[in-house]
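*Asks:* I have a structure here, written as structure tokens, and I will follow up with some questions on it.
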Amino acid sequence: MPTLHAIAAAPADCPTDIVFVVDESGSIDSFDFERMKTFLSNLVSRLDVDSGHTRVGLITFATGIGSGFNLSDYSTSISVRNAILSLTHTQGGTRTADALAYVRTTMLTSAAGDRSNAPNVVVVLTDGRSHSLSSTQVSVYRPTEVIDQSVRAIENKKPRRMTSK
């Protein structure tokens, strides 16, 4: 398996709300789940969380929505990293569409800490084997602020479907 490397730019002086959507299904083995946690922890250490410019939320998913935290739950990099490192791997099916719907309807709300002045970035970490590819594609292409921001971030190209080999 290839080595994962995180590259982050210097902190920008603009707010950003980032939600990580982490696959913990049975097709992700324990070793790779631990690698994802380490990768995310290292990535968060490079984000500007402590100043309040960046907020981080996370959910895990398999057959259902697993554990996680809202954008407003942690305000320091170390607390976000500790929460990530404490995640457990429960396994199950891969209901990516359900996870994206949960992010859109529950996590990206003001009650969960979403800020109207901050672009939303949703990062899905998965092996690409969704339970229902068509439902996941509908959820990804659904017209929401998340998708609008993601599309702009990749130069107005359509999001590509990720698959594993």
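*Asks:* Taking θ as phi - 60°, what are the ³J(HN,Hα) couplings along the stretch 108-123 by the Karplus curve (6.51, -1.76, 1.60), each to the nearest whole Hz, with x for Gly and Pro?
*Replies:* Whole-Hz 3J(HN,Hα) from phi for the stretch 108-123: 8, 10, 4, 4, 9, x, 5, 9, 5, 8, 10, x, 9, 10, 10, 10.
*Asks:* Where Lys and Arg each count +1 and Asp and Glu each count -1, what net charge lies around residue 61 among other residues with Cβ under 12 Å from its Cβ?
*Replies:* Computed value for this residue: -2.
*Asks:* Residue by residue through the stretch 59-71, what is 3J(HN,Hα) from phi via Karplus (6.51 cos²θ - 1.76 cosθ + 1.60, θ = phi - 60°)? Round to whole Hz and write x for glycine and proline.
*Replies:* Karplus values, whole Hz, x for Gly and Pro: 9, 9, 8, 8, 5, x, 7, x, 8, x, 7, 7, 4.
*Asks:* Sticking with this structure for a sec: Under the rule of at least 5 residues apart or a separate chain, name every residue whose amide H is placed under 5 Å from the amide H of residue 122.
*Replies:* 19
*Asks:* To continue, here is another question. Which of 51, 41, 86, 67 comes first, and how do the rest follow, when ranked by fewest Cβ neighbours within 10 Å?
*Replies:* Arranged by neighbour count, lowest to highest, 51, 41, 86, 67 become 86, 51, 67, 41.
Read the figures in this text as sums done on the coordinates, not as results from a lab. Just so we're clear, the structure is a prediction, and the values are computed from it rather than from any experiment. Ideal geometry is used to build each Cβ from the backbone, glycine not excepted, and the neighbour counts take in all protein chains shown.
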